[in-house]
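Peer 1: Below you will find the structure I want to go over with you.
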Amino acid sequence: MNALPANPPDETHAVLLGRLGSRSVVFVGLMGAGKTAIGRKVATMLALPFIDSDQEIESVSRMTVPELFERYGETEFRALEQRVILRVLENGPQVLSTGGGAFMNAQTREAIAAQGVSVWLKAELDLLMDRVSKKQNRPLLKSDDPRAVLERLMGERYPVYATSDVTVPTRDDRKEVIATEVVDALCRHFGIDEAAATGEVES
C-alpha cells in the first residue's frame, strides 16, 4: 500500500513541498540504480506517498513485468508503461519511481517535465552489474553477456537521462545518505537554503 509516512517534514522540507506544489518527484535511471529504494526513503523524508510504476503496471495488468515482456514484447509494454505513468502523474504530489526505459519516451518526458521534477540516479557500470546480477527479473538482461547489454543501454540512455532536472550520483552507500543528497539537490534546484527556508516558514 502507498501509505503516507507518519513523520512530518522539517522546515526546509516544508518549503520544498511548497515549491513542488502538485508536482511529483520522479526518479529515472537504469535498472539497479536504486530508484525504488531511494525513492521510498525520499518519500518518507518528505512525508509523501511513494509509487513504483512497475508495481502499478503489474497491478493494472495482473501480470509481472517479465510476463508482459514475454507475452507482448517491449513495444506493447512501453505503451502500457506510458499510459500508467501519465495517469499516476495526475495525482501529485508524490514520489514516483519509473522503469529504466520510461524516460526514453518523448511524451513521457514531456509529461514529467510538466507535472514533475525528474531526478536521475546516475550509477557506474560495476555498481549496476553487482546489483542486477542478484536478481532474475530483468527481461532486458536475458543475454549471454549482460554486461555488454548494460553498456549499450548506458550509451543509449545516459544522454537522455542527462536532460533530467536533477542528477545525483549514486554509489554503494546507505540509502539514507543517497536520499539526503537527493533532497539537498532538489532544494538547490529550487534555490532553497536553510536560512531562506526558515524565513519562509516564519513569514
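Peer 1: Write out, first by first residue and then by second, each pair whose Cβ atoms fall under 6 Å of each other, whose residues are 6+ apart or on separate chains, and whose first residue, in segment 149-178, is hydroxyl-bearing (S, T, Y) while the second is part of a loop (DSSP other than H, G, I, E, B) and surrounded by 16 or more Cβ atoms within 10 Å (Cβ to Cβ).
Peer 2: What qualifies is T170/A33; T170/G34; T170/A123.
Peer 1: Does K41 satisfy the condition of being touching a Phe, Trp or Tyr at 6+ places or on another chain (Cβ under 8 Å), touching a residue at least 60 places away in the same chain (Cβ under 8 Å) and surrounded by 20 or more Cβ atoms within 10 Å (Cβ to Cβ)? Full working, then the answer.
Peer 2: Numbers: touching a Phe, Trp or Tyr at 6+ places or on another chain (Cβ under 8 Å): no; touching a residue at least 60 places away in the same chain (Cβ under 8 Å): yes; surrounded by 20 or more Cβ atoms within 10 Å (Cβ to Cβ): yes.
It is false that K41 is touching a Phe, Trp or Tyr at 6+ places or on another chain (Cβ under 8 Å), touching a residue at least 60 places away in the same chain (Cβ under 8 Å) and surrounded by 20 or more Cβ atoms within 10 Å (Cβ to Cβ).
Peer 1: If I filter segment 81-101 for residues that are at pLDDT 95 or above, touching a Pro at 6+ places or on another chain (Cβ under 8 Å), of a type in the set (A, V, I, L, M) and not in a loop (DSSP other than H, G, I, E, B), do I get at least one hit?
Peer 2: yes
Peer 1: Can I ask one more? Considering each of R71, R109 in turn, give the residue that is under 28 Å from P146 (Cβ atoms), at pLDDT below 95 and basic (K, R). Can you show your working first?
Peer 2: Working: R109 fails: at pLDDT below 95.
So the residue among R71, R109 that is under 28 Å from P146 (Cβ atoms), at pLDDT below 95 and basic (K, R) is R71.
Peer 1: Could you list all residues from segment 47-79 that are of a type in the set (A, V, I, L, M, F, W, C) and over 26 Å from G92 (Cβ atoms)?
Peer 2: M63, F69
Peer 1: Only one residue in L17, L46, L4 is modelled with pLDDT of 95 or more and over 18 Å from V177 (Cα atoms). Which one?
Peer 2: One residue alone meets the criteria, L17.
The values are calculated or read from the model by the stated rules, or taken from the named source; none is laboratory data. Everything numeric in this text was worked out from a predicted model, so none of it was measured. Please note: Cβ atoms are built from the backbone with ideal geometry, for glycine as well, and neighbour counts cover all protein chains shown.
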